[in-house]
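Single-structure report; data block below.
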Amino acid sequence: MFLEGIASEELALHGLCAEFPDQAAFSTKVVFDPDGKNAIGWLYVGEEDEPDEQLGPFLIQADYSGRHWNFDAKEVVVEALRRVQARIGGELRDYGN
């Protein structure tokens with residue numbers, strides 16, 4: 001899952017740091033499960049590597065763990081990405097589906 005079409009790396013980092021203020025010093029932001037105990041996903045800034053497909057120049061990539069059965073880990077991570085999108089804009093895209 002990606003949040004694409006972000007104009008600058010600074011804007012992408014600002015969005016992530018605003019959503020995860022306690023993780024501002026780290027380049028990768030960790031999304032925790034609803035109980036706040038286990039890491040279930042990761043968000044980080046990247047540059048487009050498929051210019052014909054991706055909306056660049058910068059993007060935020062979301063990865064998640066599929067080993068959680070008592071809730072939808074992907075949805076929790078996507079919701080975090082949507083909150084970042086609400087702050088900085090961009091377009092959510094899922095190349096896996």
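A compact table of results
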item: Identity of the residue in the range 65-91, in contact (Cβ under 8 Å) with a residue 60 or more places away in the chain and touching a helix residue (DSSP H, G or I) at 6+ places or on another chain (Cβ under 6 Å), that ends up farthest from Leu13 (Cα to Cα); result: Arg83
item: The one condition in (1) out of contact with any helix residue (DSSP H, G or I) (no Cβ under 9 Å at 6 or more places or on another chain); (2) modelled with pLDDT of 90 or more; (3) closer than 15 Å to Leu92 by Cα that Ile60 fails to fulfil; result: (1)
item: Single residue of the range 20-57 satisfying the filter (touching a Gly at 6+ places or on another chain (Cβ under 6 Å) and open to solvent by 60 Å² or more (accessible area, probe 1.4 Å)) that is modelled with the lowest pLDDT; result: Leu55
item: Count of the range 59-97 residues which are among the hydrophobic types (A, V, I, L, M, F, W, C) and more than 19 Å from Phe20 (Cβ to Cβ); result: 2
item: Looking only at the range 63-89, and only at residues there that are in a loop (DSSP other than H, G, I, E, B) and not small (Gly, Ala, Ser), the one that is surrounded by the most Cβ atoms within 10 Å (Cβ to Cβ); result: His68
item: Total residues in the range 1-19, condition assigned to a loop (DSSP other than H, G, I, E, B) and buried (at least 19 other Cβ atoms within 10 Å of the Cβ); result: 1
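The values are calculated or read from the model by the stated rules, or taken from the named source; none is laboratory data. Small disclaimer: the values here were computed from a predicted structure and weren't measured. Cβ sites come from the backbone with ideal geometry, for glycine too, and all protein chains shown count toward neighbours. Protein only, heavy atoms only, side chains kept; ligands, DNA and RNA dropped before computing areas. Shrake-Rupley method; radii C 1.70, N 1.55, O 1.52, S 1.80 Å.
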